[in-house]
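A short worksheet on the structure shown next.
The values are calculated or read from the model by the stated rules, or taken from the named source; none is laboratory data. Since the structure is predicted, the reported quantities are computational estimates derived from the model, not experimental observations. With ideal geometry, Cβ positions are generated from the backbone for all residues, glycine too; neighbour counts draw on all protein chains shown. These accessible areas exclude ligands, DNA and RNA; they are computed on the full protein's heavy atoms, side chains included. Shrake-Rupley method; radii C 1.70, N 1.55, O 1.52, S 1.80 Å.
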Amino acid sequence: MKFFVDTASLDQIREAQDLGILDGVTTNPSLMAKEGITGEDNIMAHYKAICEIVDGDISAEVISTDYESMIKEGEKLAAIHENIVVKVPMIKDGIKAISWFTKNGIRTNCTLVFSAGQAILAAKAGATYLSPFIGRVDDINWDGMDLIAQIANIYAIQGFSTEILAASIRNPLHIVKAAEAGADVCTCPLSAILGLLKHPLTDIGLAQFLADHKKANG
Ligand code: G3P
């Protein structure tokens, strides 16, 4: 399973990159706004800066919601760097745009996915990645992991090559469960990735090893 970090914060991206386990980055308009990145030029420059930190797929989302504008915007985003993946919302024009991007050699990430039916459409259109939003499904008292497992099963039966990118991950257990359910990629906040490190028995065991070493060696 690939690990992406889900943030537009360059500090957090650098910290995740320093771990040596990072495969890519996802952003969205809310995450860009959170970092105070506004205006087309600044947004483009920010994506370029991310591409310079991480040698992996970087999702950059279109703001347009009509087909023609999505194509123009996606072409501009894709021209920033060869690692840019154009993120497109799961709407009718979005599916048309993904289909066009696929035929024209531009890779895509279909976002805001909440059902298996949407996942089938995106795969048919040739999306490179599909982003089901686990945490937001859980928020409304459904099971986000059931959705990942259902899509993984359908894609395996049908031989679709679209990669399942589990998104809206909120905690380390989401990462473990998404891996179990068959996600190809997890995009996570840095806190969830670092949360995977934690186990009290690791801390207790390490303290004991160091204490025993000190006793024996002075
Ligand atoms: O990858 C999508 C993600 O950024 C959404 O997460 O926590 O806002 O549902 P969240």
### Task
Determine, for each peptide in 70-81, 89-100, 135-146, the mean count of other beta carbons within 10 angstrom over its residues, then list the peptides with the highest first.
89-100, 70-81, 135-146
### Message
If the reach is capped at under 26 angstrom between alpha carbons, list the lysines near LYS103, excluding any in the same chain fewer than eight residues apart.
### Response
LYS2, LYS48, LYS72, LYS76, LYS87, LYS92, LYS124
### Task
Choose one of MET32, ASN153, HIS174: the residue whose Cα lies farthest towards the positive end of the charge dipole of the chain (beta-carbon charges +1 Lys, Arg; -1 Asp, Glu; about the Cα centre).
ASN153
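How charged is the neighbourhood of GLN12? Take every other residue with its Cβ under 10 Å from the Cβ of GLN12, and add Lys/Arg as +1 and Asp/Glu as -1.
Working: positive: ARG14; negative: ASP6, ASP11, GLU15, GLU35.
Net charge in that neighbourhood comes out at -3.
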### Task
Choose one answer from GLN150, GLN208, GLN158: the residue with the largest mean-square fluctuation in a GNM of the chain with alpha-carbon springs under 10 Å.
GLN208
### Task
Evaluate the charge dipole of the stretch 18-156 about its Cα centre and quote only its size in Debye, nearest 20, assuming +1 on the Cβ of each Lys and Arg and -1 on the Cβ of each Asp and Glu.
500 debye
### Message
If you count only protein heavy atoms and use a 1.4 Å probe, how large is the accessible surface of THR162, to the nearest 10 Å²?
### Response
10 Å²
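Give me the net charge of TYR155's neighbourhood, meaning all other residues with Cβ under 10 Å from the Cβ of TYR155; Lys, Arg count +1, Asp, Glu -1.
Numbers: positive: none; negative: GLU163, ASP184.
Charge balance near TYR155 sits at -2.
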### Query
Got a number for carbon plus sulfur as a percent of the chain's accessible area, 1.4 Å probe?
54 percent
### Task
Over the residues of the chain, compute the C-alpha Rg and express it relative to 2.2 N^0.38 Å.
1.13
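From Cα pairs below 8 angstrom and at least 6 apart in sequence, can you work out the relative contact order of the stretch 50-149, rounded to a whole percent? Please report the intermediate quantities before stating the final value.
Numbers: 157 pairs, mean separation 20.3, N = 100.
Relative contact order of the stretch 50-149: 20 percent.
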### Query
Hey, what's the stretch 2-216 come to in accessible area per residue, 1.4 Å probe, Å²?
51 Å²
### Query
Percent relative contact order of the stretch 2-216, based on C-alpha pairs within less than 8 angstrom and at least six residues apart?
16 percent
